[in-house]
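Here the structure comes first, spelled out in structure tokens, and everything after it is commentary.
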Amino acid sequence: EPDAPKEVLAAIAWLRLAMSRQGGHRGGAWHPAADDAFRRACAFPARGIGGALFGRLRDHAAAEGVALAAAVASLPASAVERRSLEAVLGVAAEIGAGVEARRLGPADALRLAAETSEAAEWLSAPALHRPWEAALAAAERIGDVCAYCDAAALGDGAGGEDAGDAVQVLTLHRAKGLEFDHVLLAGLEEGVWPNWQAEQHGAM
């Protein structure tokens, strides 16, 4: 769901990333179709992966012609940077192995992704109860994990493989994070941005 909160989109992304590993979850290849899911997984919950590091990974993946997740192994990086990126892959692999071993349906797989990635801590907030339950209900209706991940890739608004060259219109708040390589802001006029109330109350 494009308008879902980032916490819900992150849980979906973790599951998509986990299920994108071809040839099983013990050494299979990561699929580039889930690059947008990898971006979201790196961004939430925060694991110390900033825009500069992610930019280097993106450039390296493009040069090697591989998925973002697959490019982690050969990326020139410090030990700390490598641990941060490998932690994301480790969590995704754990989710995938759990889904496979327990033969979970989409809703339970989504719950597992939220718990394993630690996104569940945020999803327990009262304000997120409704959108989270709606996401679980949507997953339950599809009935198959892979089919659900395919549907989510088309509908999560993150610019997946089927989005093509397109412009997404969204709020400034939604544009935060690592999901987008470029963000263009419209309406940068005095009194509009920054908002006049922010200037008035010293909230700059």
Karplus-derived 3J(HN,Hα), 6.51/-1.76/1.60, for each residue of segment 83-90, Hz, glycine and proline x: 4, 5, 5, 5, 5, 4, 5, x
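Per the Kirkwood treatment, what hydrodynamic radius in Å, one decimal, follows for segment 40-147 from the mean inverse distance over all distinct Cα pairs? Mind showing how you got there, number by number?
Details: mean 1/r = 0.0649 Å⁻¹.
In segment 40-147 this quantity evaluates to 15.4 Å.
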Rounded FRET efficiency, nearest 0.05, which uses the C-beta distance separating Ala79 from Glu118 and R0 of 30 Å: 0.85
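Applying 1/(1 + (r/R0)^6) with R0 = 25 Å to the Cβ-Cβ distance of Glu140 and Leu170, what FRET efficiency is obtained, to the nearest 0.05?
Numbers: r = 27 Å, r/R0 = 1.10.
Efficiency, rounded to the nearest 0.05: 0.35.
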Amide H within-cut-off set for Ala29, under 5 Å, with H built and near neighbours excluded: Gln22
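Of the peptides 130-137, 108-115, 86-93, how do they stack up when ordered by the mean number of other Cβ atoms within 10 Å, highest first?
Values: 130-137: 16.0, 108-115: 22.8, 86-93: 18.4.
Descending mean neighbour count gives 108-115, 86-93, 130-137.
Quick note: the coordinates plus some simple rules give every number you see, no bench work behind them. Everything numeric here is computed off the predicted structure, so don't read it as measured data. A quick note on method: Cβ atoms are made from the backbone with ideal geometry, for glycine too, and the neighbour counts reach across all protein chains shown.
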